[in-house]
1. Which ones in region 146-158 are open to solvent by 30 Å² or more (accessible area, probe 1.4 Å) and either in contact with a strand residue (DSSP E or B) (Cβ under 6 Å, 6 or more places away or on another chain) or at pLDDT below 90 (or both)?
2. Got a sec? Which helices (runs of 4 or more DSSP H) wholly within region 1-111 have at least 1 residues that are at pLDDT 90 or above?
3. If you check GLU168 against the conditions, is it acidic (Asp, Glu), farther than 15 Å from ALA87 by Cβ and either modelled with pLDDT under 90 or in a helix (DSSP H, G or I) (or both)?
4. Taking region 111-135 as the region of interest, how many residues are touching a Lys or Arg at 6+ places or on another chain (Cβ under 9 Å) and closer than 25 Å to ALA53 by Cα?
5. Taking region 131-169, which residues are under 30 Å from GLN24 (Cα atoms), small (Gly, Ala, Ser) and touching a helix residue (DSSP H, G or I) at 6+ places or on another chain (Cβ under 7 Å)?
6. How many of the residues making up region 118-139 are open to solvent by less than 50 Å² (accessible area, probe 1.4 Å), under 20 Å from VAL75 (Cβ atoms) and not in a strand (DSSP E or B)?
7. Counting only residues that are among the β-branched types (Val, Ile, Thr) and surrounded by 13 or more Cβ atoms within 10 Å (Cβ to Cβ), which one in region 52-92 is farthest from SER127 (Cα to Cα)?
8. Taking region 159-169 as the region of interest, how many residues are open to solvent by less than 50 Å² (accessible area, probe 1.4 Å) and either farther than 21 Å from ALA32 by Cβ or in contact with a Phe, Trp or Tyr (Cβ under 8 Å, 6 or more places away or on another chain) (or both)?
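The values are calculated or read from the model by the stated rules, or taken from the named source; none is laboratory data. Remember, it's a predicted structure, so these values are computed and weren't measured experimentally. Backbone-built Cβ (ideal geometry, glycine too); neighbour counts: all protein chains shown. The protein model used for the area step is the full one, side chains on, heavy atoms only, and it has no ligands, DNA or RNA in it. Shrake-Rupley method; radii C 1.70, N 1.55, O 1.52, S 1.80 Å.
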Amino acid sequence: MYDYNNNEAATPFDPSSSIPYQVQDAVVRSRADDRMYLHFAKLSVNGGDDQSAELVRKLQNLVSAIGEAFHNKLVSRASARRFSSIALTKQPTEEVRAVLDFVVENGYLHPSTIGNKTGTKKIQLYSLNKSLFPHFGLDPIGDYGNMTVTNEALQEAFTSGKALRGVEN
């Protein structure tokens, strides 16, 4: 951020006091965009075969669908608008599990569990990596809720890349 500011700024600043928020914002957004675009491109090239390319496409579609859904909720008039995780309603199917494992392996989602509303069992929770939040216009500071999703909604997100649909409570 210091180098970026010295190259871009018209007026010098005292680095011991602060870096202007515009510089911080530009650098963080740039890194999030790189993570979204350049890393996917590297994964596609490194995979080589058609099966790997398909898995990378599903990973990119899912991450885009989750980020877009979280942003759409944030700007909506819904009572719950801040999300950082998806919670699965059921155990994932084999296809969903394979894609989620690949997404986790590449650091885009972080797995955990959470108790269900009745307290009878744990359900799987996947949190979006907060380094991607600036790309989707989200604020990475703080703790957010989770959006409940079905296997069918995840499979639709794999193929379409359109915003993920959560289960209405």
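1. Hits for region 146-158 are ASN146, THR148.
2. The qualifying helices (runs of 4 or more DSSP H) are 50-74, 94-105.
3. No; evaluated as a whole, the condition is false for this residue.
4. 4
5. Correct list: SER131, GLY137, GLY161, ALA163.
6. Matching residues across region 118-139 total 7.
7. VAL56
8. Count: 1.
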